[in-house]
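A short worksheet on the structure shown next.
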C-alpha cells in the first residue's frame, strides 16, 4: 500500500476527514505458518479517538455508538499510512469497527485475531469484554462467539502505551517526543493485521514443527476443546508428491506425531527447499479442522570457532535491518516491500539479516523462508531494570519463541542487545536475569544458537561471542584484532564491555555483529535528511570514499580470520541515521555489484 491508494476527502459538515481506500491494506493472510482457508480481513478504515484524559473506561466508551476520528488499520497513529501521522505523545487510544460475518459461518465458533497491538490492549465485542493482552509485539486472539449477535456486530479496542515508560520492551521507539540518535518514532496501538476466522467447537490451536537433518520431523499439536476418539493426521508433500504421512490419537488437548522424509532436500540460503504440510483434526464423525503449514530441513550449530549450517561451515554475512519504513514505521506497507528488502539484501551479497530490536512481522519471516535468508531474531528490549521489566520481558519473549519457532530462516535468537534492560550487570539480580533468558530460550528451543547479550557484557552462557566495534578504518581495525588467535580479544573501545563481572570467555565463535556504520548522503538527498543526521563512524563526502572505507574494513576482517561472521550496519537509512547502503525509501546509494564484490572478500 502507498499513500497514492489512500484518498482523504474533506467532508462538508465535519472537522474529521473521511477515508476512502482503493483496496484493503495488507490483504495477505497474516499467519503463514498456520493457514486456514476461510477468514475475513478487518484491516481498513476504523473509527478512532484519542483518550488524552484517560476517561474512556469511566465513561464506558466500550459501549460507544461511534468515534469521530478515522484511522487506517493496521498502521499506527504515528505513521503516514494511518492517515494521521501524529508523532506526539498519546497515552491511550480507542478504535471502533462494525462487522458482519458471512452467512456460511453459521454454526461455527468465531475467533478474533490481532497480529500485534502496542502495548496493552483491551477488546470488547458488543460491549462485552472478550480479550486483554499485554505486550506490543506478539499476537493474541479471542473466541467471540458468545458476545456476537445477529446482523451487525461492533468491536472496540482500547490501547494503552505509556510513551515514557522505559521498563516496557520498546526497542527503538523513543521515550522523548522527537527521534534522536539511534531512536526513532513510536508505534502506538494496532500495527499488525486484525482478522476473523470460523472454527469448529473442537479445533486445532497450534502446531510446533521440529525437522531434523536426517529427515525425521516431530509435530506437537495442541487442540481446543478436545473430545474422545479424536485423531490428528499429518501429510508432508512437495511439488504435488506426498513425501510422508502420519497419524496419532489425541490425548486430550494434545497429539504428537513423528514422520520421516526420505533423502530430504536441505534448506539453506542458496537452496531454500521447503516442504508443504497439511495438518487435520478428525473425529468419529469425520473431518473437523485443517490448517496448512510448511517446514525446512536445516541444522545450525557452532563448533571449533565456526558456525555450521547443515554440518558444513558457513560464514555469516549479515546486515543490520531495523524493520522501519518511511510511510508506515514498524508495519511493512506491503508484501511487495518485504520481498524487495530481502531481494536487495541478497543482491548486495549478504546471506542473512540481524532484525534489530524488533520482533518482525510473520510475513517477513515467511518470505525469508521462501527466498533463503538467515535471520538473527531479536527481542525489542526495555532500557531499565526492575521486577516489572523482568516479568514483561520474560512473558513476551516466551510468546515470541512460540510464534516463530517453525521458521527455518531463524538460526539465532537474541533476547538482549547491548545490556538494554540490564544496564548494571554488577548487580547479581540483573546478571541472573540475563543468564536466565539464555537458559529459558534453550529450554524452549535447543535447535538454534542463542546470543545472551548481543555486543556487550557476555556471560559464559552464550553460543556466539558477539562484539560491536565501529572502528573507522580497516588499518586500525586490523591493528586492534590481528592477534586475537594468540592473545585473545583486545580491550573494548568503551570500557570493559566484553564480559559481565565474574564471567570468562567460553571459546564460542566470535561474531562481529555490528561494525561499519559508514554514513553517506548524496547531494540530491541532502534536503530530505533531518538536520540531526549522523553516522556511527562519521559521514563521508562521496560514495567512493564510503566504499573505500567499507572495503578496508572487510579486508581487515578477512585477514584476521578468527571471526566467524559479520553484521554490517546497515541496510538502509532510518530517519536521522544515515548509515544505510540504501536511502530510507530504499534507493541504493552505491553500485549494487560493488557492494557484492566487497562481501565476496569474506568466505
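Just so you know, all these numbers are worked out from the coordinates, no wet-lab data involved. What you are looking at is a predicted structure, and each value in this text was computed from that prediction instead of being measured. Note: ideal-geometry Cβ built from the backbone for every residue, glycine included; neighbour counts use all protein chains shown.
Key figures
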{"read-out": "Reciprocal of mean inverse Cα separation for the stretch 214-295 (Kirkwood radius, Å)", "value": "13.5 Å"}
{"read-out": "Point-to-point label distance, residue 601-residue 213, nm (Cα→Cβ direction, 7 Å offset)", "value": "3.1 nm"}
{"read-out": "Range of Cα positions in the chain per principal axis (Å), largest first", "value": "74, 63, 48"}
{"read-out": "Additional length obtainable on full extension of the chain from residue 504 to residue 444, 0.36 nm per residue less Cα span", "value": "19.1 nm"}
{"read-out": "Percentage relative contact order, the stretch 276-403, counting C-alpha pairs under 8 Å, at least six apart", "value": "15 percent"}
{"read-out": "Where labels lie 7 Å past Cα in the beta-carbon direction, separation of residue 301 and residue 551 in nm", "value": "3.9 nm"}
{"read-out": "Förster-model FRET efficiency, 56 Å R0, residue 347 and residue 424, C-beta, rounded to 0.05", "value": "0.85"}
{"read-out": "Contact order relative to length of the stretch 392-492, as percent, for alpha carbon pairs under 8 angstrom and 6 or more apart", "value": "23 percent"}
{"read-out": "FRET efficiency, 1/(1 + (r/R0)^6) with R0 30 Å, evaluated for residue 166 and residue 57 via beta carbons", "value": "0.75"}
{"read-out": "Whole-number percent relative contact order across the stretch 13-115, with pairs defined as alpha carbons under 8 Å at least 6 apart", "value": "27 percent"}
{"read-out": "Chain lengthening between residue 487 and residue 245 when straightened (0.36 nm per residue, less Cα-Cα)", "value": "81.7 nm"}
{"read-out": "FRET efficiency estimate (nearest 0.05) - Cβ-Cβ, residue 274 to residue 586, R0 30 angstrom", "value": "0.70"}
{"read-out": "Alpha-carbon centroids, the stretch 537-553 and the stretch 84-101: separation in whole Å", "value": "43 Å"}
{"read-out": "Pair residue 432, residue 35: separation of 7 Å Cα→Cβ label points (nm)", "value": "4.7 nm"}
{"read-out": "Length added when fully stretched, residue 178-residue 526, from 0.36 nm per residue minus Cα-Cα", "value": "123.3 nm"}
{"read-out": "Dimensionless Rg/Rh of the stretch 3-198 - Kirkwood Rh, Rg from C-alpha atoms", "value": "0.95"}
